[in-house]
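Asker: The structure's right below; bear with me while I get my questions together.
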Amino acid sequence: MDFKLTKVTAPPNIAERWRKWVRACTTEKPSAEFSLRKQKSSAAELFVADFLKRSGWQVLEHDVEVHHIQVDLLVRSPDGVLTIVEVKMQNAFGVAHVTPAQGRRLARVAQFLAEFEPVQMRVAFVEKQRVSLLPVDGLTGF
């Protein structure tokens, strides 16, 4: 009886190949109003990132463009799934929502990243000092 011995090698790491499509977001000469809004949203994103870290998630990227679409947070869930997180703050009327156009853009990013590894989408609603992390259906965007 013949036995063929083969060297066991790890499969190539394709999970991180999507990183070459990730770029830091940059803007040119923002207005004062835009700059204040960006500071508030960035603070909310960092608040959510801290919340997720304390909950066992791994924050991979913050405020980046993936395939030319802006993404608030790219994180890895405690069970290892790549997750796109859109952060929303309440406005003056206590309302926070994802527009249909934002939902479509996030779905396009998820579809692109899914070529490399499993992806899920979440929306993080920030209400004062509270974070609500909700799953997003890839088909409907909500």
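The values are calculated or read from the model by the stated rules, or taken from the named source; none is laboratory data. The structure displayed is predicted, hence computed values, not measured ones. Cβ placement follows ideal geometry from the backbone for every residue including glycine, while neighbour counts extend to all protein chains displayed.
Asker: Among the residues of the stretch 62-114, which ones are among the hydrophobic types (A, V, I, L, M, F, W, C) and in contact with a Gly (Cβ under 8 Å, 6 or more places away or on another chain)?
Answerer: Result: Val98, Leu106, Ala107, Ala110.
Asker: If we scan the stretch 92-101, do we find a residue that is part of a strand (DSSP E or B) and surrounded by 12 or more Cβ atoms within 10 Å (Cβ to Cβ)?
Answerer: no
Asker: So in the stretch 67-81, with the set limited to residues that are in contact (Cβ under 8 Å) with a residue 40 or more places away in the chain and surrounded by fewer than 21 Cβ atoms within 10 Å (Cβ to Cβ), which one is farthest from Arg105 (Cα to Cα)?
Answerer: Ser77
Asker: Please verify whether the stretch 43-65 includes one or more residues that are exposed (fewer than 11 other Cβ atoms within 10 Å of the Cβ), at pLDDT 85 or above and not aliphatic (A, V, I, L, M).
Answerer: Yes, the conditions are met somewhere in the stretch 43-65.
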